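In what follows, a single structure is set out as structure tokens and then discussed.
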Amino acid sequence: MLILVWGVRGIAMSIDKAFKESVKGYFKAHGSTTFTFSELKQALHIKPKHDKKLKKTLYMLNNYGDIKKLRDGSYKWDSTCGGKYRNSNNNHAGKKNGSNNGVKLDLGKLETVLCVYRKNGEHWSYTPILKKSTNAKLTVFKSDKTELENIEQGSIVEVKPIKSKDGNTYQGGKFIRLVGKSVVGSESYISLHNHGIKPEFSEEIMKYVNSLKEISQKQILKRQDLRHLPLITIDGKDSRDFDDAVFAEKWFDAKDNHIGYHVIVAIADVAYYVPKGSPLDLEALKRGNSTYCPDMVVPMLPERLSNGLCSLVPNEDRPVMAVHLYIDINGELQKHKFVRAVIKSHKRLTYDQVQTAIDGDFTDVIDEVFYKDVIAPLESAYELRKTQKDFRGALTIEKPESRILVDYRTGEISEAEAISRHKSHMIIEEMMILANIAAGHTLEEYIGMYRVHEEPSVEKVEDFLRTLDQLGVPYSPKINPEYITAEDFQTIADSLEGRKDKNFILDMMPKSQSKAYYSPDNEGHYALALTHYAHFTSPIRRYADLVVHRVLIEVLTLPCFGGAVYEEDEALEIGEQISKTERISEKAAKESMSRFMARHYSKRIGEEFSVRVSSIGAFGVYVRILETGAEGILSPRDLKALSYKFDEESHTYVGKGKKIEPIMIGTKLKVKLAKTSILSGRIAFDYVSFADDFDYDMQDVA
């Protein structure tokens, strides 16, 4: 196996690119043909000793979305990702698709579909809200008309499509329930439903959760008592669940020399309440993680746990999994110890409150004494860790992020804004990373769950470097797309200081890298330049962390119940499942945000905006409104009228004649907002002109 070294200071990660590409190429060459594991072995002449290598490669390709693992365990090329798009004509009714009056729908695994209910005289219909079925209409059965009589035109309803006699199309839909009176207010629910994410828990699960009791005194006495230490939680002002608490103090040697810092990271002990194999555990695995939309959260576990029993609220005894971390004066982790403990959070603080104190402005919440005793040691420990992070060549992208604030009572957008990250955010982030590193090292001899981030593909790096060239961003000629390190990316990021397009370019950087995933096989974390990294710090919202907690409890023989071990095949399946649910959640959240952005701008039709081109291809040109990060497509009609055509080699739109300026990623334009669709989450713009120089700082966001 080929060993490539990434990052500075010898961060090693093993990967066999040639083998992976040959397997990927075989699938691509055979299109829609399905293969079992045995068939692939025979076709690719894989020897028995390389079974594990092939299994791992299939796992990775499935995580990347290059291939699909089917229900029967076989594999096939994923044509939607591989460029061979599925027939887009399958959403129209009529004789062309082999039926008399049937409608073709691509439901995937959905059993029901959300529709817009419409009534035009005697013609009643449902229009499915599906990406590939926007023109399809399901007939309303006569038996449903009584229930629909009082439902308003344009309402969102849940419908069960009923198949036609041919078995390949749908003749109509059976009304199930009213979801909302219009698409406004239903944005997130539509996005969640279309990705199979259910906000509600079953009666069985809720009955189980409601039967759970708080930790008993008998169980508390078995744990390390940390209630006397001033552990604190630091979260966003809108947070409702507090699952991590931190503490730091100076660390002295036997001769009373200050040699570093002792840090404690305490995490809600979810494993205590959610035993492996329980109904609640199976539901958590099915969900994989919590999903965050602008106006709602779909938790992995019911709120009685996330906001109650497992929430580290102030002045309440709470069971935790804690890790004692000892870093030296250089920021290196010298030793660590995991324990099951009980804590009593001393304060619930927000990032803004902590940052205010760091800036020297003290209040009743954090006075000067509390700052010096509790906050300052955390700040000092962070500074040491930051030095160590810089030393090993980890990538740190610091830029504002866009956020939509939604009024929970009315569902109205109250504000769309850009928010910056402060030192208070970075302190907590680094303490969590430190705990995750300790977990990763502890799991080394056992079957656990790692957070894996592999090196980027050559193609993605080449695309990114080409864009830098087009934007006039200088970078070292020594950077090789085949061997680019996280430190190289950091050098590029640091060189952007002072540029007006800094945040725009930083937003492209993660897209040029590989997608992280979960696996029991440790392949290191490329961006963090770490050889061992496992998610430990949020088992209330990530199933991977719950697995890590259980394994640590079991292999370290920690007191109280909740520990478990996993077989390798079982862990591989879990890693595949939760990597998949993570991608699904991200898509649902992104679609929900797009629908809210479309709603936000629906009242501004005809206005002109300064934008940058954010993505480009044969599909067209997408641009981004800089003040919020909302994206929309530039009218293909305008591009054609301006004599532009896509040049695949330069990845730009070029016009006829040398005097016409090319359109490329990062190009600044003036556009007019033409139309929005809340239903699809789409925004469309008309071209106005190339833009004069414009300056956004905080607002030039992702």
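The values are calculated or read from the model by the stated rules, or taken from the named source; none is laboratory data. Here the structure is a predicted model, which is why all the values come from computation and not from measurement. Heads up, the Cβs are rebuilt from the backbone with ideal geometry, glycines too, and the neighbour counts pull from every protein chain shown. Just the protein is used for accessible areas: all its heavy atoms, side chains included, with ligands, DNA and RNA removed. Shrake-Rupley method; radii C 1.70, N 1.55, O 1.52, S 1.80 Å.
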When the accessible area of the stretch 136-191 is computed with all protein chains present and a 1.4 Å probe, what percentage of it is carbon and sulfur? 50 percent
Under 1.5 on a/c is rounded, so check that first for the chain, then, if it is not, pick prolate when a/b is larger than b/c and oblate when it is not; a ≥ b ≥ c are the square roots of the alpha carbon gyration tensor eigenvalues. rounded
With every protein chain in place, the stretch 218-362: carbon and sulfur % of accessible area (1.4 Å): 48 percent
When all C-alpha to C-alpha distances in the stretch 241-345 are sorted into bins of 10 Å, what percent of pairs does each bin hold, rounded to whole numbers? 14, 34, 28, 17, 6, 1
From DSSP H assignment alone, runs of 4+ in the chain each adding -39500 (n - 2.57), the sum over residues rounded to the nearest 500 puts [θ] at 222 nm at -9000 deg cm²/dmol
Using heavy-atom solvent-accessible surface (probe 1.4 Å) with all chains present, what is the largest-first order of D521, D253, D281? D253, D521, D281
Counting only protein heavy atoms, what percent of the accessible surface of the stretch 523-643 is carbon or sulfur at a 1.4 Å probe? 52 percent
Note, ³J(HN,Hα) from phi for the stretch 141-150, Karplus 6.51, -1.76, 1.60, rounded to Hz, x at Gly and Pro: 5, 4, 5, 8, 5, 5, 5, 8, 3, 9
Return the lysines within reach of K181: Cα separation strictly under 18 angstrom, same-chain partners fewer than 8 residues apart disregarded; answer none if there are no such residues. K119, K145
Accessible area of T676, 1.4 Å probe, to the nearest 10 Å²? 40 Å²
Selected from S32, I67, P48, residue furthest toward positive end of dipole (the stretch 28-80; charges at beta carbon): P48
Expected unfolding gain across K237-N330 under the 0.36 nm per residue rule, minus the alpha-carbon gap, is 30.2 nm
Could you pull out the chymotrypsin sites (Phe, Trp or Tyr not before Pro) across the stretch 520-610 that fall in loop regions by DSSP (anything but H, G, I, E, B) with no more than 16 other Cβ atoms inside 10 Å? F561
Probe 1.4 Å, heavy atoms of protein chains only: per residue, the accessible area of the chain in Å² is 47 Å²
For T667, which sequence-distant residues (separation of 5 or more, or a different chain) have an amide H within less than 5 Å of its own amide H, given hydrogens modelled in the peptide plane? V613
By how many nm would the segment from T387 to K500 lengthen if fully extended, with 0.36 nm per residue of separation less the alpha-carbon distance? 37.9 nm
Excluding residues on the same chain fewer than 8 positions from K17, give the aspartates and glutamates whose Cα lies under 12 Å from its Cα. E454, E455, E482
Solvent-accessible surface (1.4 angstrom probe) belonging to I479, in square angstrom, nearest 10: 20 Å²
Within the stretch 365-400, list the GluC sites (Glu not before Pro) lying in a DSSP loop whose Cβ has at most 13 other Cβ atoms in a 10 Å radius. E398
Could you put R466, R612 in order of accessible surface area, largest first, with the 1.4 Å probe and the full protein assembly present? R466, R612
Cross-link table K502/K672; K399/K656; K198/K276; K478/K515, entries beyond 28 Å C-alpha to C-alpha: K399/K656
Over the chain, what is the percentage of antiparallel beta bridges among all DSSP beta bridges, to the nearest 5? 90 percent
Can you give the accessible area of H228 in Å² (nearest 10), computed on protein heavy atoms with a 1.4 Å probe? 130 Å²
Whose amide H sits under 5 Å from the amide H of Q224, counting only residues 5 or more places off or on another chain, with H placed in the peptide plane? R340, A341, V342
Note on the stretch 430-564: alpha-carbon gyration tensor, axes a ≥ b ≥ c; rule is a/c under 1.5 for rounded, else prolate if a/b larger than b/c, else oblate; result prolate
Net charge contributed by nearby residues that have their C-beta within less than 14 Å of H228 (K/R +1, D/E -1): -1
Working out 0.36 nm times the residue gap between F37 and S216, then minus their Cα-Cα distance, what length gain in nm do you get to one decimal? 59.5 nm
